[in-house]
Every structure is written in structure tokens, then in C-alpha cells.
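Structure first, commentary second.
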Amino acid sequence: MTFEIAGQSALDYLHCRYGQSRLLFRGPKRKLEGPYVAFFGGTETYGKFVEDPFPALVEESTGARCVNFGCLNAGADLFINDPTLIDAARRATVTVVQVMGAQNMSNRFYAVHPRRNDRFLRASSLMRTVFREVDFTEFNFTRHLLSTLRRVNEKKYLMVVEELKAAWVARMQTMLAMIPGKVVLLWLHDTRAGSDDEAHDSLGNDPLFVDAAMVDILRPQLAGVVEATPSDAAWAAGNEGMICSETEAPAASAMPGPAVHEEIAAALTPEIASMVS
């Protein structure tokens, strides 16, 4: 695979802010007036190392103004707890919500950082009671935490997973109830084979722990569900054309490249076009 190495001047994301939000979003900044499509999601929606992420490609193919509110490693908590983002979704013609993993949300077992949802903050008293043998001071990230819990005790780990799945459904229902307009759920399926090392743990591919039964519960609140499964060919060639510095190349190799974004946009375009026409 090849990259466009950009030295010290890697891809300029034209970071901007909206309203009172403390978050930085990918630019250029767009006016939140008139018809537009809002995109909520995580790293894939943001489009790390990709010049034209799928929200930009959907705008190109449909002609609808698309505003990218994707944030790296985001979970549902980030959007629910930001009034500026909820207001932006309320005013949008359509809001596309990427299915984000269930691990990056606060729940009965642990709390995550309010803006960097992949960051583990603290274990609850329930977690400390269930996993007395674990020292929680060593964890900074949710996936590291969960990988360790799985190795320590599979049965107890599955209790945590069930809590995460229930919390995900409840949190998503809350988010959808806050958005009165049309919402399209984008469910990306990453079918790549993983490996159990520092970069790819044994938990599985994102979005972690989300299954069809969980998505089905949300359908009454949705205008549509788009499932996108990028092809093996797109994953194999997808890193070509990514823009990153030399030090960023290892991280870029694990992320979707331009070809993957093109296939996601192709899956979304008919649904969005039908709602904005």
C-alpha cells in the first residue's frame, strides 16, 4: 500500500467550531441555515487522512449541502451531551448518524471522557466489586480495559458487554428522540480479519457489540437504515491516496482510505437523494 507522505504539512482539516460547542470539527465551516444534511459519527465520518470523506462525496453526488460533525473515536455520549450539535440536527433536512461502538459510552460499569469518548476515566463501584482482582489505574482507553477484562474472566466480561449493549440502545433512543426530523442510520460493516496485538485487539471490528437486534429496536424512530459493507478490494487498495506525515503512516494503515469512502458514499447517495429532492 502507498501513501502520499506530506512531511510536516499533512492534510489540513480546516478545523472549525460551531456555536458554543467545545469540539473542533472538520471544515471548511458551513452555514447552518437553509437545507442541509448533518452527519454525526466517529473516525470514519470525520475521514482521518482522507481528502474527501464520504460526507463530502455525498454532497458532490446529491448536490445537497453536507455538514460533517464527525469526531475521532466518538460515541453517542458526545452528541447527546452537546446542545449545539443537537440543535444542528434539529434544523437539518436529514441527519445521518453513523453506528458507533458501544464501548465508548459511560455506563453502569465505567465512565468515559465527555469529549474523547474512547478515553476511560474511572471504574464504578459496581465494576470494582465485580472485578476485585483488577487494578483500574493502569487503563487509559476503553478497548484496553475491555481486552483485559476478557482475559481476566470471560464470564464477568460478558456481563459488561450486555450492559454496554443495553446502554447503547437506550442512549441511541434518547438521541433519536431529541431529533424531530428525518434520521438515517449508517451501519458500516468492517469485515477485515483482525489480529490480537497492540494495534488490533481480540474484541472485534468496529462498531463493537452492535448487532441486528439492537438496530431493529431503533427502526421505528428512523427514516431509514443504510448498511454499507466496503469490498475487500476497497480495503486492499484504500490506503493509496491517503495524506499523512511519515509518523502518521502506521495509524493511517488501519483506517478506511479513499476507495472505502467512495463505496460508503455510493451506498448512502440514493437514500439521501430521495429525502432532499
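Projected label points at SER245 and PHE136, each 7 Å from Cα along the beta carbon direction, are separated by 3.5 nanometres.
For the chain, the solvent-accessible area works out to 46 Å² per residue, with a probe of 1.4 Å and every protein chain left in place. Label-point separation (nm) for LYS31 and LEU72, each offset 7 Å from Cα along Cα-to-Cβ? With each label point 7 Å from Cα toward Cβ, the separation is 3.2 nm.
A cut-off under 12 angstrom between Cβ atoms defines the neighbours of GLU133, and their net charge, with Lys, Arg +1 and Asp, Glu -1, is +3. Restricted to Cα atoms, region 188-277 shows a radius of gyration and a Dmax of 15.7, 47 angstrom. Note on ALA166 and CYS16: their simple-model spin labels are 4.3 nm apart, each label 7 Å out from Cα toward Cβ. Compute the angle between helix 154-177 and the longest alpha-carbon principal axis of the chain, please, reported from 0 to 90 degrees and rounded to the nearest 10. Tilt relative to the chain: about 30 degrees. Taking every lysine pair in the chain that is 8 or more places apart or spans two chains, those with Cα atoms closer than 25 Å amount to 7. Pairwise Cα distances in region 45-194 exceed 22 Å in 47 percent of cases. Angle, helix 258-276 long axis vs. longest principal axis of the chain, Cα atoms, 0 to 90°, nearest 10? Between the helix axis and the principal axis of the chain, the angle is about 70 degrees. Across the accessible surface of the chain, with the other protein chains kept in place and a 1.4 Å probe, carbon and sulfur atoms take up 50 percent. Computed from Cα positions, the angle between helix 142-152 and the longest principal axis of the chain comes to roughly 30 degrees.
The mean sequence distance of close C-alpha pairs (under 8 Å, at least 6 residues apart), as a share of the length of the chain, puts its relative contact order at 24 percent.
The values are calculated or read from the model by the stated rules, or taken from the named source; none is laboratory data. Treat the numbers as computed from the prediction; the structure is a model and nothing was measured. Here the Cβ is made from the backbone with ideal geometry for all residues, glycine too, and neighbour counts use every protein chain on show. With ligands, DNA and RNA removed, areas are computed over all heavy atoms of the protein, side chains included. Shrake-Rupley method; radii C 1.70, N 1.55, O 1.52, S 1.80 Å.
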